[in-house]
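A.B. asks: What follows is a single structure, and I will ask about it in a moment.
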Amino acid sequence: MDQDVSLRAHRGQGRTPRAPMDMKYARRRAHHWAWIAALSMLVATDRVTHTPIAANNMPPQQDLFAESDAYERFMGRWSRRLAPLLVKFAAVDEGDSVLDVGSGTGALAFALAEAIPSVRVTGVDPSSAYVRYAQARTPGDRVRFSVGDAQALEIPDASVDKTVSLLVMNFIPDAKKALREMIRVTRPGGVVAAAVWDYAEGMEMLRVFWDEAVALDSTIAARDERNMPLCRQGELAALWRANGLERVEELPIVIELSFTSFDDYWRPFLGGQGPAGAYAASLSEPRRAALAARLRGRLLGTRQDGPFRLRGRAWAVKGVVPAR
Ligand SMILES: C[S@@+](CC[C@H](N)C(=O)[O-])C[C@H]1O[C@@H](n2cnc3c(N)ncnc32)[C@H](O)[C@@H]1O
């Protein structure tokens, strides 16, 4: 596969090195709701609180997204590859004013500014560390970032042309509330677009990780990101339609993840970012070594260490804000 990322239809090719385990539908749904319940505990009113999650021993969300450099090594490098594809899909125009919800370390906002010279972007994210990181790299005054929560945007009604969000909707405790906010701030005729990794199948970097982690310790199955909401085909589109967006379209967007070695795959998990990183970083040394050995075997087999590639598929959705 070419190193370049491309926007293309999924044709079912490119399985993970070993087929992911199938789980029974009922169990999957139970885990799905366990995730929603766990995430729901994070927000008291309109701010992400510092309440630890009790369910599944998950760390509080602000700890999942607190180390900017570690995030960049773990996921930011792939967000930057995915971002231009979402920009293209969202059909952002010259002169548009765009809101980036859950802007993180800035991948999508920077991709917007690079692709469309006259665009103006506001990024909002509850992680003050990520916001500071993005602010420090802001190219001029067309892009700005601030701390905020998608569920209570401090932005006037109908004030932006497009609202976009990359790899965020599944982490928001009340995604419906957030989407309503995204629609409120977007002008009629404007577009609301988002993308979320297909954790259950298409995001091989994380699929492989959780398959092996759960095989080693079945008690952590509920933490597998495959149980998160809005990551399966059709789920984002259903949410978009249910909230009145028009001309809704959903599309798989796919990138290739090229790793130079097993360490290049594994070490970024130890920075503790996101649910998988938090889990890896929490393990005792022997358990961590056992997981690394399984992953190495899964990814390299009997081959010598060296470069390998995985596929990352996300589901992207867009819809037009109706007249009001
Ligand atoms: C996987 S990161 C994606 C960051 C960035 N968009 C990217 O693609 O690299 C998930 C982001 O969602 C943010 N997030 C979590 N809850 C949120 C909320 N309620 N409102 C807005 N953003 C939220 C996190 O702080 C984190 O930056």
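None of the figures in this text is laboratory data; all of them are computed from the coordinates on show. Not measured: the values here are computed from a predicted model. Neighbour counts are summed over all protein chains in view; Cβ atoms, including those assigned to glycine, are modelled from backbone coordinates with ideal geometry.
A.B. asks: Where the only charges are on Cβ atoms (+1 Lys, Arg; -1 Asp, Glu), what is the dipole of segment 25-320 about its Cα centre, to the nearest 20 debye?
C.D. replies: Working: 37 positive and 35 negative charges, 114 e Å.
Dipole size: approximately 540 debye.
A.B. asks: Any idea what the relative contact order of segment 25-320 is, in percent, if you count C-alpha pairs under 8 Å spaced at least 6 apart?
C.D. replies: Numbers: 580 pairs, mean separation 61.2, N = 296.
Relative contact order for segment 25-320 comes out at 21 percent.
A.B. asks: Just to be sure I understand the model, the point goes 7 Å from the Cα along the line to the Cβ. What's the resulting residue 238 to residue 290 distance in nm?
C.D. replies: Placing both labels 7 Å beyond Cα along the Cβ direction yields 3.7 nm.
A.B. asks: At 20 °C and 1.002 mPa s, what whole-number value in µm²/s does Stokes-Einstein give for the translational diffusion of segment 144-239, with Rh from the Kirkwood sum over Cα pairs?
C.D. replies: 143 µm²/s
A.B. asks: Work out, step by step, the length gained on full extension between residue 217 and residue 305: first 0.36 nm times the residue separation, then minus their alpha carbon distance; give nm to one decimal.
C.D. replies: Working: separation 88, 0.36 × 88 = 31.68 nm, distance 2.57 nm.
This chain segment gains 29.1 nm when fully extended.
A.B. asks: Distance in nm between label sites at residue 176 and residue 136, each 7 Å beyond Cα in the beta-carbon direction?
C.D. replies: The answer from the label model is 4.0 nm.
A.B. asks: By average Cβ neighbour count within 10 Å, what is the ranking of 259-267, 111-119 from highest down? Intermediate values should be presented prior to the final figure.
C.D. replies: Details: 259-267: 15.3, 111-119: 17.6.
My ranking of the peptides, most packed first, is 111-119, 259-267.
A.B. asks: Label-point separation (nm) for residue 118 and residue 62, each offset 7 Å from Cα along Cα-to-Cβ?
C.D. replies: So the two model labels end up 4.1 nm from each other.
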